[in-house]
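The structure appears right after this line, and notes come after that.
The values are calculated or read from the model by the stated rules, or taken from the named source; none is laboratory data. Since the model is a prediction, treat every value here as computed from it, not as a measurement. Backbone-built Cβ (ideal geometry, glycine too); neighbour counts: all protein chains shown. Accessible surface areas use protein heavy atoms only, side chains included; no ligands, DNA or RNA. Shrake-Rupley method; radii C 1.70, N 1.55, O 1.52, S 1.80 Å.
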Amino acid sequence: MDTTSISDDLRRYAALLWHWAWLLILLTVLGGATAFILSKRTTPVYQATSRLLINEAPATKNADYASVLASERLARTYSELLTTKPVLNEVISRLGLSISERALRTSVNVNLLRDTQLIDVSVEATDPALAADIANAIVDVFSEQNQGLQTSRFSTSKESLSSQLAQVDLQIGTATAALEALGDDPDDKAEIDRLETTVAQYRQTYASLLQSYESVRLAEATSISNVVQVEAASPTNVPIRPRTVRNTMLGAFMGLLIGIAAVVLIDILDDTLNPENISRQLGLPILGIIAHHQVENGAPVVSALPRSPVSEAFRSLRTNIQFASVDTPVKTLLVTSPSPKDGKSTVAVNLGISLAQSGNQVAIIDADLRRPQIHQRLALPNLQGISGVFVQPHIVLNGAMRETGIDNLFALTSGVLPPNPAELLGSEKMSEILNQVRKKADIILLDTPPVLAVTDASVLAPRVDGVLLVVKPGVTKLAACKQAVE
């Protein structure tokens, strides 16, 4: 891709954005203000986070890969169990909440910290204290329920052993009491020996049961994994939603993006001409660019403000027209436009003054017999004009060509408006009028109606040396201009 073309496109879009800067600023302010107002009207939501540690059972702590996988699975399992229905229902019951279990679940977020055995339990609520209470209650309830679930595996064995220990202890007590009740009588010696043997057996059984009971307790202690709260949730006065500053900035940014998109869309859909695409779209050279201007009393800018940049632009237009056809100089120039309000009469008058200032005898003919403007621009009466010349048997100007008060510049105004302008301008008498004017002027400018409005300019075009097409950037439609050129 051509670097120059890219640079031109960038400059064009920069100019386009600058032209629509007011719209971009407006949409940016509106977007930011809307986001700010909505954020201020939104009920703030607070978040409290409790951190808990998975206290893994000692019996499962190994350095092998399988143990690592088991630890990860345990952490993921606990993170899922934290929001189960039994846990949340118990939290609702303890705190006396008036919400459903499903609604509570939507406000709880469990996050397992990567490569650790830490779990963050975050709760969102409109009350910061309530958020902290719920987060802490979830950890407490889950810890209790998990502990109960883990110990239930050994409860049966422990209860059975405890029952047997109690029974053996009772038997030992009974046998010991019976042994103490016997005296030193030789007749009781056999019973004493039997009871002592029985007590010894009971004590041996009791010791064996007690050892089994301690083994079960040890197995329970080494195989139960639980959770420990390492950081309790505490209330915070800073809400997580809405974030007014961030939302305002995002709203302003979105407004700016919408504005840029709107400007680009307007540019795409806009079929009006601009200086950049006139030559490319129409294949015509640009002889001059005249800036928008306004002079008090409607006087021509070239005579009222001869040193202004606009006057210099008209002089540049005069020079370009003179160089446009060096071999066959332009003596008769028709000035028209594709549509009304394009500024053709303004250009014709100021161009005529510029040509007169260069020493040429210039005549401006107001050939717009529908909405004449030349007499108003030059402050001339319009009782007599070209329409009166048409009705003469022999073409004689008879003072219809009058001085304008500007050296070397004459004007032939429209006069009384006729009912058939196109027929008059296309008649042979029009050629005779032009011949009579040529005898008095070096250059003739004809101000005609817009090309597409009526056929006046079209019927006059074959009688002139050149046509100056006046377009107004941002107003004149490209389709209309193309049709006018064709």
inquiry  = Can you tell me which residue is surrounded by the fewest Cβ atoms within 10 Å (Cβ to Cβ) among those in the stretch 380-404 that are within 21 Å of Gly298 (Cα to Cα) and among the polar types (S, T, N, Q)?
reply    = Asn382
ask   = For the stretch 364-379, does any single residue satisfy the condition of being in a loop (DSSP other than H, G, I, E, B), under 14 Å from Ala457 (Cα atoms), open to solvent by less than 20 Å² (accessible area, probe 1.4 Å) and touching a Cys at 6+ places or on another chain (Cβ under 7 Å)?
value = no
query = Any chance the stretch 69-82 includes a residue that's out of contact with any Asp or Glu (no Cβ under 9 Å at 6 or more places or on another chain), modelled with pLDDT of 90 or more and in a loop (DSSP other than H, G, I, E, B)?
reply = no
key: Failed condition for Leu424, given (1) in a loop (DSSP other than H, G, I, E, B); (2) touching a Phe, Trp or Tyr at 6+ places or on another chain (Cβ under 6 Å)   = (1)
note = The one condition Leu284 fails out of (1) open to solvent by 60 Å² or more (accessible area, probe 1.4 Å); (2) part of a helix (DSSP H, G or I); (3) over 21 Å from Gln376 (Cα atoms) is (2)
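Could you tell me whether Val263 is crowded, with 19+ Cβ neighbours inside 10 Å, of a type in the set (Val, Ile, Thr), touching a Lys or Arg at 6+ places or on another chain (Cβ under 9 Å) and assigned to a helix (DSSP H, G or I)? Outline the logic, then answer.
Working: crowded, with 19+ Cβ neighbours inside 10 Å: yes; of a type in the set (Val, Ile, Thr): yes; touching a Lys or Arg at 6+ places or on another chain (Cβ under 9 Å): no; assigned to a helix (DSSP H, G or I): yes.
Considered against the rule, which asks whether it is crowded, with 19+ Cβ neighbours inside 10 Å, of a type in the set (Val, Ile, Thr), touching a Lys or Arg at 6+ places or on another chain (Cβ under 9 Å) and assigned to a helix (DSSP H, G or I), Val263 comes out as no.
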note = Residues of the stretch 437-452 being touching a residue at least 24 places away in the same chain (Cβ under 8 Å) and surrounded by fewer than 18 Cβ atoms within 10 Å (Cβ to Cβ), in sequence order, are Arg438, Lys440, Asp442
query = For the stretch 85-127, what are the residues that are among the polar types (S, T, N, Q) and assigned to a helix (DSSP H, G or I)?
reply = Asn89, Ser93, Thr106
ask   = Across the stretch 101-130, what is the total count of residues that are within 15 Å of Leu74 (Cα to Cα) and in contact with a Phe, Trp or Tyr (Cβ under 8 Å, 6 or more places away or on another chain)?
value = 1
key: Criterion (of a type in the set (Gly, Ala, Ser) and closer than 14 Å to Gly352 by Cβ) met by exactly one of Ala400, Ala411, Ala422   = Ala411
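Whether any residue in the stretch 164-186 is in contact with a strand residue (DSSP E or B) (Cβ under 9 Å, 6 or more places away or on another chain), open to solvent by 60 Å² or more (accessible area, probe 1.4 Å) and either modelled with pLDDT of 75 or more or under 30 Å from Leu52 (Cα atoms) (or both) is what I want to check. Before the answer, list the steps.
Step one: of the stretch 164-186, the residues in contact with a strand residue (DSSP E or B) (Cβ under 9 Å, 6 or more places away or on another chain) are none.
No, the stretch 164-186 contains no residue that is in contact with a strand residue (DSSP E or B) (Cβ under 9 Å, 6 or more places away or on another chain), open to solvent by 60 Å² or more (accessible area, probe 1.4 Å) and either modelled with pLDDT of 75 or more or under 30 Å from Leu52 (Cα atoms) (or both).
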remark   = Here the residues within the stretch 338-365 that are under 30 Å from Gly399 (Cβ atoms), of a type in the set (Ser, Thr, Tyr) and touching a residue at least 60 places away in the same chain (Cβ under 8 Å) are Ser345
query = When the residues of the stretch 334-362 are filtered to those that are surrounded by fewer than 20 Cβ atoms within 10 Å (Cβ to Cβ) and within 22 Å of Phe410 (Cα to Cα), which remaining residue is modelled with the lowest pLDDT?
reply = Gly343
inquiry  = Based on this model, can you work out whether Glu486 counts as closer than 16 Å to Val389 by Cβ and open to solvent by 60 Å² or more (accessible area, probe 1.4 Å)?
reply    = no
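Are any residues in the stretch 21-57 assigned to a helix (DSSP H, G or I) and among the β-branched types (Val, Ile, Thr), and if so, which ones?
Kept after step one, since they are assigned to a helix (DSSP H, G or I), are these residues of the stretch 21-57: 21-41.
Result: Ile25, Thr28, Val29, Thr34, Ile37.
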